[in-house]
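Taking it in order: structure first as structure tokens, then the write-up.
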Amino acid sequence: MQNTKLFSVKILLLVIGKTDEQWIQEALLKYSKRLQHYLPFEFEVIPDLKNTKNFSQAQQKEKEGALILKKLKPTDKVVLLDEKGKEYRSVEFANHLQQQMNTSVKRLVFIIGGPYGFSPELYAQAQGKLALSKMTFSHQIIRPFFLEQLFRAMTILKNEPYHHE
């Protein structure tokens, strides 16, 4: 079967915890489907930890980090969505993605952590950090924001009329 995707790199969005809000779920589904037109895209949810009230923030980050690390392959390019990450305008982000796709990376993994962020081990494993804003957003609401920007980047790279300067 011939690959009909426009880009060959696979993108995985890996997140901690399911989304309870119906409108967020609908937005995630909408943009996940749209992205499939451009490239192999997966959205994977790692279930919330149980009994987190018994953990310190550091313990929770460590346990979530261990679960995330189990999902990664040695050849993955890992980018954490982090408030201290690099900020891009939409066109700059599209160009950055194009640069990544021009390398030999097979799978680009973007990770949205839990409510307290990432473990030191996960920071050590990551090759990049991305911030969508200087503002802080919940780990739930940032999901559709990121998928919309990923979709916008694909339309920019294909010169489609979704994005306006």
Diffing region 24-31: the Karplus 3J(HN,Hα) column from phi (6.51, -1.76, 1.60, θ = phi - 60°), in whole Hz with x for Gly and Pro, holds 5, 4, 5, 5, 4, 5, 4, 6
By average Cβ neighbour count within 10 Å, what is the ranking of 118-125, 12-19, 46-53 from highest down?
12-19, 118-125, 46-53
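If you take the C-alpha gyration tensor of the chain, multiply each eigenvalue by 5 and take the square root, what semi-axes do you get, largest first, in whole Å?
On the way: eigenvalues 141, 60, 49 Å².
One finds semi-axes of 27, 17, 16 Å for the chain.
Assuming R0 = 22 Å, what is the FRET efficiency of Lys86 and Lys50, from their Cβ-Cβ distance, to the nearest 0.05?
So, using R0 = 22 Å, E works out to roughly 0.05.
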Placing each pseudo-label 7 Å from Cα in the direction of the beta carbon, Ile24 and Met101 end up separated by a distance in nanometres of 2.8
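Counting pairs of alpha carbon atoms under 8 Å apart in space and at least six apart in sequence, what relative contact order in percent does the chain give? Kindly include the intermediate steps, with their values, before the conclusion.
On the way: 245 pairs, mean separation 52.2, N = 165.
With pairs under 8 Å counted, the relative contact order is 32 percent.
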Would you list, by chain and number, the lysines whose Cα falls below 26 Å from the Cα of Lys158, excluding same-chain residues fewer than 8 positions away?
Lys5, Lys10, Lys30, Lys33, Lys77, Lys86, Lys106, Lys129
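Heavy-atom accessible area per residue, region 1-160, 1.4 Å probe: how many Å²?
Spelled out: the 1.4 Å probe surface of region 1-160, per residue, equals 57 Å².
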Computed FRET efficiency, Cβ-Cβ of Lys10 and Gln59, R0 35 Å: what is it to the nearest 0.05?
0.65
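The values are calculated or read from the model by the stated rules, or taken from the named source; none is laboratory data. Because the structure is predicted, anything quoted here is derived from the model rather than measured. Don't worry about glycine lacking a Cβ; one is built from the backbone with ideal geometry, like all the others, and counts go over all protein chains shown. Please note that ligands, DNA and RNA were not included when accessible areas were found on the heavy atoms of the full protein model with its side chains. Shrake-Rupley method; radii C 1.70, N 1.55, O 1.52, S 1.80 Å.
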